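Here is the structure we will look at, set down as structure tokens.
The values are calculated or read from the model by the stated rules, or taken from the named source; none is laboratory data. Just so you know, these numbers come straight off a predicted model, no measurement behind them. Positions of Cβ are generated from backbone atoms using ideal geometry, with glycine treated the same way; all protein chains shown enter the neighbour counts.
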Amino acid sequence: MSESDPQSQEQLVVVLPDGSELEVDAGSTVEDCAYEIGPGLGRDTVAGKLDGELVAKEAPVYDGVDLEIVTDQSDEYLRVMRHSASHCLAQAVERHYDDVDLAIGPPTDDGFYYDFDNLDIDEEDLDALEDEIEAIIEEDYEIEREDVSIEEAEDRLAGEPYKLELLEEFADENDEVSFYKQGEWEDLCAGPHVDSTGEIGVVELLEIAGAYWRGDEENTMQTRIYGTAFEDESDLEAYLERKQEAEKRDHRKIGNEMNLFSIQDVTGPGLPLYHPPGKTVLKELEDFVEDLNKDAGYDYVETPHVFKTDLWHRSGHYENYADDMFIFDVGDDEFGLKPMNCPGHAAIFQDQSWSYRDLPIRYAENGKVYRKEQRGELSGLSRVWAFTIDDGHLFIRPDQIEREVEEIMDMITDVLETFDLEYEMALATRPEKSVGSDEIWEHAEEQLENVLEKRNLDYELEEGDGAFYGPKIDFAFEDAIGRSWDGPTVQLDFNMPERFDLSYVGEDNDEHEPVMIHRALYGSYERFFMMLIEHYEGRFPLWLAPEQLRVLPISDNNLGYAHQVANEFDEFRVEVDDRDSTLERKIRAAHDDRVPYQIIVGDNEQADGNISVRDRFEDQEYDVEIDAFKAHLEAERDEQRTEPDFLQD
Ligand SMILES: [Zn+2]
Ligand SMILES: [Zn+2]
């Protein structure tokens, strides 16, 4: 950030969201800029965004910055309000409990939390705190900001060890820090906040959890209270409903119920074990992309999980990514588990000489990679240390970009549509710092645009958001309950070919550098599997279901016939429920296990050589011919239909 010099009448320029420029005095704050635009906007300013980062309205602007003014009409307003709600929570806690130490209390994507040490509290105590927060909102305390010297701050924070630790860090770079005060309570905080506690709508405290100070397990375990805040009761209700729906679909819960996977302390956090039913689903997913890959001319390769770090130096991962890698010595050599598959694929390409006629070369691998996420962040399949990417790398001539990207886009949309996922696309273009010539960037961006334009679908243009080594197309999709997920990516790369000295001989007999494309159709199997479990609530389409059919004999007399029927369907994943139990219970169990179809056989079915068919919507049909049902199942499976539809049409 630039420091203002009171002696000079220096001017600086800020860039507004519509691209226009505003000239202001050096030393101006976000709020000053808002007043410069218009007095109404000045009065309404709650906070600002400087180069995308949310800051207090008192924050100074700097030359060339992208400035956005945040008012109570902005999307970010909720975030500001939730941060203020977290202050109310801390104030309420200090009113109810003595000797509590305050840590941090930021807003999150859908709420806020505050961390405390020396707080002895149960879920039942949250109601009383909620009442206290309500009282604080009712009081409508003004939320006042005050900038004070470091010495003054030290005095105010006496007895707050965590706050003093934070202050020490601020003191390295600043002569002043800010406090926000409401009523009798104040907090060391950079803001921003709403003007008064009365502007906070409704607050709900959600749960208590343990959290390590600064996310580091070497540190003290503190008490974290989670909450959320909305402008009104109906928004809160809608959120709580969505949250409940999400909990019902939680992949950790369903994964356990369906015996799909486990993550055990003895094997390590973030290292999932797939059980037979889970691996069955994964195998179907693998086969699906393998078919797509083979149709599109990919060759499968295989690379080991560990490489000498020479490779990671060459690829640049060692310099830029070592903190997230597992690195270890064996004898005199240093090795690292692969965090990405690309360098291995580049090394395969590099081992041979190529002519322009050989290109494109397309390599595919279900490659397991390892990334050292913070332990505190690990959760189910969503954040893991080991995961598998349905990876693919292409080595192509610059004139082949459009055709190849088009093919990849077809494969990705094929996948997303198979799972009934609505998607959006975005094109991210050249950032300020980048490698590669103007010519290659312009040529590549133009080809990507052509591909998108041809599809006649809306796409977002994210200017300057590409990686430093190439532009990309990102997909995002929406699941059954409207949550949005980061999807597959098509990433061009002008950097790795250079690092690996990749080349082919052109028509002109000269050496040329190929363009590399990184692509995945699912992304990581772990995240995609997790999303599918929640999207379908474990009720997988027939082709994916770990158990596709279950035969339920009505009594022991029908057991022999039940096995005979199961044999008829042995091209499917079929089980016989031979437990000594009532039919009603067997139906319930099959329903709970989310089996798409049940085949019920009793004396009548046995006498006629037929079956009764029941689906997971609890519809049933009697006197069904075995061959007719088999033909239907084959079609339902092979066409990858999403719901059992034998009884639905
Ligand atoms: Zn704060
Ligand atoms: Zn890659």
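General observations
- Scan of the range 195-204 for residues that are of a type outside the set (Ser, Thr, Tyr) and buried (at least 21 other Cβ atoms within 10 Å of the Cβ), ordered by number: Ile200, Val203
- Filtered residues of the range 163-194 (kept if hydroxyl-bearing (Ser, Thr, Tyr) and crowded, with 21+ Cβ neighbours inside 10 Å): Tyr180
- Criterion (assigned to a helix (DSSP H, G or I), under 23 Å from Met81 (Cβ atoms) and touching an Asp or Glu at 6+ places or on another chain (Cβ under 9 Å)) met by exactly one of Glu130, Glu138: Glu130
- Close pairs (7 angstrom Cβ cut-off, 6 or more residues apart or separate chains): under 16 Å from Gln400 (Cβ atoms) and in the same structural domain as Ile473 (by TED's automatic domain parsing) in the range 432-450, in a helix (DSSP H, G or I) and modelled with pLDDT of 90 or more anywhere: Ile440/Pro398; His443/Pro398; Ala444/Ile401; Gln447/Ile401; Gln447/Glu402; Gln447/Val405; Leu448/Val405; Asn450/Glu402
- Top-ranked residue in the range 357-385 [being small (Gly, Ala, Ser) and at pLDDT 95 or above; ranked as nearest to ligand 2 (Cβ to nearest atom)]: Gly367
- Residues in the range 338-356 that are closer than 23 Å to Glu373 by Cα and either of a type in the set (D, E, K, R) or more than 16 Å from ligand 2 (Cβ to nearest atom) (or both): Lys338 alone.
- Test: residue in the range 128-145 that is under 37 Å from the mean Cα position of the chain (by Cα), among the hydrophobic types (A, V, I, L, M, F, W, C) and farther than 17 Å from Gly201 by Cα: yes
- Test: residue in the range 293-310 that is in contact (Cβ under 8 Å) with a residue 12 or more places away in the chain, assigned to a helix (DSSP H, G or I), in contact with a Phe, Trp or Tyr (Cβ under 8 Å, 6 or more places away or on another chain) and assigned by TED's automatic domain parsing to the domain that holds Ile412: yes
- Test result for Val30, crowded, with 19+ Cβ neighbours inside 10 Å, more than 26 Å from the chain's Cα centre (by Cα) and in contact (Cβ under 8 Å) with a residue 60 or more places away in the chain: no
- Within the range 505-531, the set of residues being buried (at least 22 other Cβ atoms within 10 Å of the Cβ) and either touching an Asp or Glu at 6+ places or on another chain (Cβ under 9 Å) or more than 24 Å from Ile412 (Cβ to Cβ) (or both) comprises Val515, Met516, Ile517, His518, Arg519, Ala520, Leu521, Tyr522, Tyr525, Phe528, Met531.
- Residue in the range 545-559 that is under 30 Å from Ala476 (Cβ atoms), crowded, with 18+ Cβ neighbours inside 10 Å and modelled with pLDDT of 95 or more present: yes
- Within the range 338-349, restricting attention to residues that are under 19 Å from Val306 (Cβ atoms) and of a type outside the set (Gly, Ala, Ser), the residue that is farthest from ligand 1 (Cβ to nearest atom) is Ile348.
- Enumerated strands (runs of 3 or more DSSP E) restricted to the range 390-503, each holding at least 1 residues that are more than 19 Å from the chain's Cα centre (by Cα), at pLDDT 90 or above and not hydrophobic (A, V, I, L, M, F, W, C): 459-462, 484-493
- So Ile389, is it surrounded by 18 or more Cβ atoms within 10 Å (Cβ to Cβ), within 30 Å of Asp510 (Cα to Cα) and of a type in the set (Val, Ile, Thr): no
- Among the residues examined, Glu498 does not qualify as more than 18 Å from Tyr423 (Cβ to Cβ), surrounded by fewer than 23 Cβ atoms within 10 Å (Cβ to Cβ) and either without any contact (Cβ under 8 Å) to a residue 60 or more places away in the chain or away from ligand 2 (no atom under 16 Å from the Cβ) (or both).
- Pairs with Cβ under 8 Å, 6+ apart, first in the range 92-104 and without any contact (Cβ under 8 Å) to a residue 40 or more places away in the chain, second within 15 Å of ligand 1 (Cβ to nearest atom): Val100/Val93; Val100/Glu94; Val100/Phe116
- Within the range 393-415, the set of residues being in contact with a His (Cβ under 8 Å, 6 or more places away or on another chain) and either without any contact (Cβ under 8 Å) to a residue 40 or more places away in the chain or buried (at least 24 other Cβ atoms within 10 Å of the Cβ) (or both) comprises His393, Ile401.
- Any hit, the range 235-257, residues being touching a Ser or Thr at 6+ places or on another chain (Cβ under 7 Å), hydrophobic (A, V, I, L, M, F, W, C) and either within 16 Å of ligand 2 (Cβ to nearest atom) or more than 21 Å from Asp117 (Cβ to Cβ) (or both): no
- Test: residue in the range 518-537 that is at pLDDT 95 or above, β-branched (Val, Ile, Thr) and part of a strand (DSSP E or B): no
- Matching residues, the range 52-71, being without any contact (Cβ under 8 Å) to a residue 40 or more places away in the chain and more than 30 Å from Pro161 (Cβ to Cβ): Gly52, Ile69, Thr71
- Within the range 336-365, being assigned to a strand (DSSP E or B) and surrounded by fewer than 18 Cβ atoms within 10 Å (Cβ to Cβ) holds for one residue alone: Ser355.
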